[in-house]
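The values are calculated or read from the model by the stated rules, or taken from the named source; none is laboratory data. Remember, predicted model here, so these are calculated numbers, not experimental data. Virtual Cβ from ideal backbone geometry, glycine too; neighbours counted across all protein chains shown. The protein model used for the area step is the full one, side chains on, heavy atoms only, and it has no ligands, DNA or RNA in it. Shrake-Rupley method; radii C 1.70, N 1.55, O 1.52, S 1.80 Å.
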Amino acid sequence: ADERGVVRSANPEAERIFGYAEAEVRDSDVSLLIPDAASGEHGGDVGGYLASLAGTADRTPREMSGRRRDGSGFPLELNVREMSTAGRTAYVASIQ
């Protein structure tokens, strides 16, 4: 995801877990897949939420809910890492 929380790519395992093809989620807000990312302390600022998770020193995965293409929810653990390329910030999410 980019600094605004917009999905830029998804791997085949993410496609299997969420039920979307990468092309369907690319350029969508992360909250399409992880509704919890748009709620809570950041008031809908998904990029700010991802930054706060990436900035956590202990890198402890956060328990939250995912949402599949069919609308069904499921529990997941989310770990977010920040990276910079070409002067831009991006976030890589690992989901279990």
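The residues in segment 1-20 that are in a loop (DSSP other than H, G, I, E, B) and surrounded by 19 or more Cβ atoms within 10 Å (Cβ to Cβ) can be counted, and the count is 5. Determine whether Glu77 is over 20 Å from Val25 (Cα atoms), surrounded by 10 or more Cβ atoms within 10 Å (Cβ to Cβ) and touching a Pro at 6+ places or on another chain (Cβ under 9 Å). It is false that Glu77 is over 20 Å from Val25 (Cα atoms), surrounded by 10 or more Cβ atoms within 10 Å (Cβ to Cβ) and touching a Pro at 6+ places or on another chain (Cβ under 9 Å).
Considered as a group, the residues in segment 21-37 that are of a type outside the set (Gly, Ala, Ser) and part of a loop (DSSP other than H, G, I, E, B) include one that is modelled with the lowest pLDDT, and that residue is Ile34. For beta carbons closer than 6 Å, sequence separation of 6+ or different chains, a first residue in segment 12-37 that is basic (Lys, Arg) and a second that is surrounded by 17 or more Cβ atoms within 10 Å (Cβ to Cβ), the qualifying pairs are Arg26/Val7.
Within segment 79-96, being assigned to a strand (DSSP E or B) and not hydrophobic (A, V, I, L, M, F, W, C) holds for Asn79, Arg81, Glu82, Ser84, Thr85, Arg88, Thr89, Tyr91, Ser94. Residues of segment 61-74 that are open to solvent by 60 Å² or more (accessible area, probe 1.4 Å) and touching an Asp or Glu at 6+ places or on another chain (Cβ under 8 Å): Arg62, Glu63, Arg69.
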